[in-house]
Amino acid sequence: MADSDFPGWHGTTIIGVKKGGQVVIAGDGQVSLGQTVIKGTARKVRRLSPGGFEIVAGFAGSTADAFTLLERLETKLEATPGQLARASVELAKDWRTDKYLQKLEAMLIVTDGKDLFVITGAGDVLEPEHNVAAIGSGGNFALAAARAMMESDKSAEDVARQSMAIAADICVYTNGNLTVEAISG
């Protein structure tokens with residue numbers, strides 16, 4: 001089978017919501033290959049503690065690639081303790097310039113409870129407007145739902161959970177089996 005014939009891995013929705021002194025990152029558990037659900041209970045949101053500095057990260061894309069990026073981010077955070085923005089920029093620079101890393105197919109949403117960033121393979125470290133970021137196949141659905149709820153009395157976790165439920169209802173590559181991690185700034 002030629003690479004162009006390979007159906008490709010699909011499926012993930014990750015959302016980060018910053019509201020009321022708390023940041024919540026939530027992700028679904030579905031991994032799909034073509035039109036087949038391979039796994040429904042994957043954990044795509046992780047809590048990391050490099051050098052005693054706690055962060056929460058969610059990933060979309062290839063799992064092996066995402067773990068490589070998470071390991072690199074941990075290394076950057078150990079070199080710059082407590083400086084998530086700097087570590088994220090250093091990771092993005094490496095990702096963009098390193099021939100090995102350039103081939104990685106994943107995106108990250110990361111937070112330390114104060115800052116919320118999307119890190120991409122294009123060398124971007126994006127701080128989202130409106131305190132909401134979403135990535136993955138159902139990301140735009142979750143983002144739109146969360147933006148609509150941000151002015152409500154709902155907590156960051158409620159916004160994240162309800163946005164993910166809406167995305168799961170719309171996107172066939174997203175399920176309702178959530179991993180949710182909260183961190184305060």
- Message: So if I check each of Thr75, Thr63, which one is modelled with pLDDT under 85 and either over 21 Å from Gly16 (Cα atoms) or not aliphatic (A, V, I, L, M) (or both)?
- Response: Thr63
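I'm trying to understand the selection: among the residues of region 38-62, which are farther than 16 Å from Thr111 by Cα and in contact (Cβ under 8 Å) with a residue 40 or more places away in the chain?
Taking region 38-62 first, the residues farther than 16 Å from Thr111 by Cα are 38-43, 61-62.
Correct list: Gly40, Thr41, Arg43, Gly61, Ser62.
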- Message: Restricting to region 39-62, name every residue that is touching a Lys or Arg at 6+ places or on another chain (Cβ under 8 Å) and either acidic (Asp, Glu) or part of a helix (DSSP H, G or I) (or both).
- Response: Glu54
- Among the candidates Leu126, Leu116, which residue alone is crowded, with 18+ Cβ neighbours inside 10 Å and hydrophobic (A, V, I, L, M, F, W, C)? Leu116
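Kindly provide the set of residues from region 131-153 that are in contact with a helix residue (DSSP H, G or I) (Cβ under 7 Å, 6 or more places away or on another chain) and not aliphatic (A, V, I, L, M), ordered by number. Steps first, please.
Taking region 131-153 first, the residues in contact with a helix residue (DSSP H, G or I) (Cβ under 7 Å, 6 or more places away or on another chain) are 132, 134, 138, 141-142, 145-147, 149-150.
Residues satisfying the conditions are Gly138, Phe141, Arg147.
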- Filtered residues of region 58-85 (kept if in contact with a helix residue (DSSP H, G or I) (Cβ under 6 Å, 6 or more places away or on another chain) and closer than 16 Å to Gly27 by Cβ): Phe59
- Message: Go through (1) closer than 20 Å to Asp124 by Cβ; (2) in contact (Cβ under 8 Å) with a residue 60 or more places away in the chain for Ala26 and report which single condition fails.
- Response: (1)
- Give me a count of the residues in region 159-180 that are closer than 16 Å to Ala57 by Cα and surrounded by 21 or more Cβ atoms within 10 Å (Cβ to Cβ). 1
- With the condition kept exactly as written, say whether any residue in region 70-89 is surrounded by fewer than 16 Cβ atoms within 10 Å (Cβ to Cβ), free of Cβ contacts under 8 Å to residues at least 40 places away in the same chain and among the basic types (Lys, Arg). yes
- Unmet criterion (only one of (1) of a type outside the set (Val, Ile, Thr); (2) loosely packed, with under 12 Cβ neighbours inside 10 Å; (3) modelled with pLDDT under 90) for Pro50: (2)
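The values are calculated or read from the model by the stated rules, or taken from the named source; none is laboratory data. Given the structure is predicted, the values throughout are model-derived calculations rather than measurements. Note: ideal-geometry Cβ built from the backbone for every residue, glycine included; neighbour counts use all protein chains shown.
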